[in-house]
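Trainee: Dropping a structure here in structure tokens format, bear with me for questions.
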Amino acid sequence: WRPWINTIMSQFNINSITNKHGDFGPVISGVSTNNSTGCMIIPAGPTERRGPRSRGIFAGGDVNPATKQDTIDFINIQSNGNAIDFGNLSTVTSRPSGVSNSTRGLFVGGTNPVSPYYLNRIEYITMSSLGNSEDFADISRTAWYVSGGANDTRAVTGGGYADPAGNQNQIEFVTIASLGVNSTDFGDLLYATREHAATASPTRVVWFGGKGDTGVSDPQKTIQFVTMATLGNSEDFGDTLATVNSANASSNGIRGFVAGGSVPGSYGSADIFTITMATKGDATDYDDLNAAPSQLPQIGTVANSNKAIVAGGTAGSGQNVIQSFSMATTGQSADFGDLTVGRYAAGGVSD
């Protein structure tokens, strides 16, 4: 079958199309018209959005006693199963902040075992492929426990801990498509903080708790946010039900969820708190993680539009447990599978 296709600019011949679903094959860029003597439907939308999109990726982390990892592994969020090797970071790294859109995953900052210990680099991976991370650009400071979120265009990160300056309040952003361009100042958090969880909707980045306000290690329950399309300082959103730090967060774009941190009092690391991303207000109690593996806190998180995944944690030699919970309906989390290397403080991204 050899259809001739007339475009605005040129004519070309396709000898065969081996995938009728359009997941791969010729890509037509720009505005085109066509006519064909055969039956043909050109796939619509950006190439990276065709076909199934439900990949979650975990990078870096620690195995006790403080054996940092360069491991990158991935899962298919839709189907339970063990993680599979994806590639490696450029160096062993703990506590990188993972942010992503459908095309690229970025790992921001972190710490490694040799001087200068704290990192200012941003590394990236291509979400749809396998392979090692590559250099993207830099943030303005060397820091770990940075956190943030992204939409299709921007990745916004804030806070973290820098030596010798201590907790940070800077918010910075990069344009995910602009390889090689260092981060730009966005504004400031309400206070200098680290160990704060973050997630994003298409319009907002939201940070939960952390350590720092009147002192470097003061635990907090403040929720704060920025609107990603603008520049400016963060605003108060509300409060979590208890102070929370060393947690992680996920979102389906409508609701945000924070879980797995150091939480005192009547709540604990297994509790999941939730907010509605588009409004302001205090978090409410949603459900519980399965605390039986005792792997909390310092989990890694990824999500798709339906399901949130938490992985790893601090207990023992670093846990390999992966568990999931529904972001649409309550019901205690369920076992998902295992990481390739049991560890804590990995950065998570999903497409």
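The values are calculated or read from the model by the stated rules, or taken from the named source; none is laboratory data. Bear in mind the structure is a predicted one, so any value in this text is a computation, not a measurement. Neighbour counts are summed over all protein chains in view; Cβ atoms, including those assigned to glycine, are modelled from backbone coordinates with ideal geometry. Just the protein is used for accessible areas: all its heavy atoms, side chains included, with ligands, DNA and RNA removed. Shrake-Rupley method; radii C 1.70, N 1.55, O 1.52, S 1.80 Å.
Trainee: Residue by residue through region 144-160, note down the ones that are open to solvent by 10 Å² or more (accessible area, probe 1.4 Å), in contact with a Phe, Trp or Tyr (Cβ under 6 Å, 6 or more places away or on another chain) and part of a loop (DSSP other than H, G, I, E, B).
Mentor: Across region 144-160, the qualifying residue is only Tyr145.
Trainee: Looking at region 67-87 only, could you name the residues that are modelled with pLDDT of 95 or more and crowded, with 17+ Cβ neighbours inside 10 Å?
Mentor: Those that are modelled with pLDDT of 95 or more and crowded, with 17+ Cβ neighbours inside 10 Å: Asp70, Thr71, Ile72, Asp73, Phe74, Ile75, Ile77, Ala83, Phe86, Gly87.
Trainee: Within region 103-128, take every residue that is under 17 Å from the mean Cα position of the chain (by Cα) and in a loop (DSSP other than H, G, I, E, B) and give me the one that is farthest from Gly148 (Cα to Cα).
Mentor: Looking at the filtered set, the residue picked out is Ser128.
Trainee: Also: Restrict the check to region 130-143 and report whether at least one residue is part of a strand (DSSP E or B), over 22 Å from Asn76 (Cα atoms) and among the basic types (Lys, Arg).
Mentor: No.
Trainee: Just checking, does region 182-201 include any residue being open to solvent by 20 Å² or more (accessible area, probe 1.4 Å), farther than 21 Å from Ser246 by Cα and more than 20 Å from the chain's Cα centre (by Cα)?
Mentor: Yes, region 182-201 contains a residue that is open to solvent by 20 Å² or more (accessible area, probe 1.4 Å), farther than 21 Å from Ser246 by Cα and more than 20 Å from the chain's Cα centre (by Cα).
Trainee: Still on this model: Of all the strands (runs of 3 or more DSSP E) wholly in region 219-313, which have at least 3 residues that are crowded, with 24+ Cβ neighbours inside 10 Å and polar (S, T, N, Q)?
Mentor: Because the criterion is at least 3 residues that are crowded, with 24+ Cβ neighbours inside 10 Å and polar (S, T, N, Q), the strands (runs of 3 or more DSSP E) in region 219-313 that meet it are 248-251.
Trainee: Tell me, which residue of region 67-101 that is acidic (Asp, Glu) and touching a residue at least 60 places away in the same chain (Cβ under 8 Å) is nearest to Ser350 (Cα to Cα)?
Mentor: The qualifying residue nearest to Ser350 (Cα to Cα) is Asp73.
Trainee: Looking at region 301-320, which of its residues are among the aliphatic types (A, V, I, L, M) and at pLDDT 90 or above?
Mentor: Val302, Ala303, Ala308, Ile309, Val310, Ala311
Trainee: Run down Gln298, Gln323 and say which single residue is polar (S, T, N, Q) and in contact with a Lys or Arg (Cβ under 9 Å, 6 or more places away or on another chain).
Mentor: Gln298
Trainee: Residues in region 42-61: is at least one assigned to a loop (DSSP other than H, G, I, E, B), among the charged types (D, E, K, R), surrounded by fewer than 18 Cβ atoms within 10 Å (Cβ to Cβ) and modelled with pLDDT of 95 or more?
Mentor: no
Trainee: Run Phe237 past the list (1) in contact with an Asp or Glu (Cβ under 8 Å, 6 or more places away or on another chain); (2) at pLDDT 95 or above and report the number of the one that doesn't hold.
Mentor: The one condition Phe237 does not meet is (1).
Trainee: Moving on to the next point. Could you grab me the full set of residues in region 161-176 that are part of a strand (DSSP E or B) and surrounded by fewer than 20 Cβ atoms within 10 Å (Cβ to Cβ)?
Mentor: Gly166, Asn169, Thr175
Trainee: Output the residues belonging to region 125-140 that are within 13 Å of Thr91 (Cα to Cα) and open to solvent by 20 Å² or more (accessible area, probe 1.4 Å).
Mentor: Those that are within 13 Å of Thr91 (Cα to Cα) and open to solvent by 20 Å² or more (accessible area, probe 1.4 Å): Asn132, Glu134, Asp135.
Trainee: For the subset of region 202-214 comprising residues that are surrounded by fewer than 20 Cβ atoms within 10 Å (Cβ to Cβ) and in contact with a Ser or Thr (Cβ under 8 Å, 6 or more places away or on another chain), which member is modelled with the highest pLDDT?
Mentor: Checked region 202-214; the qualifying residue modelled with the highest pLDDT is Thr203.
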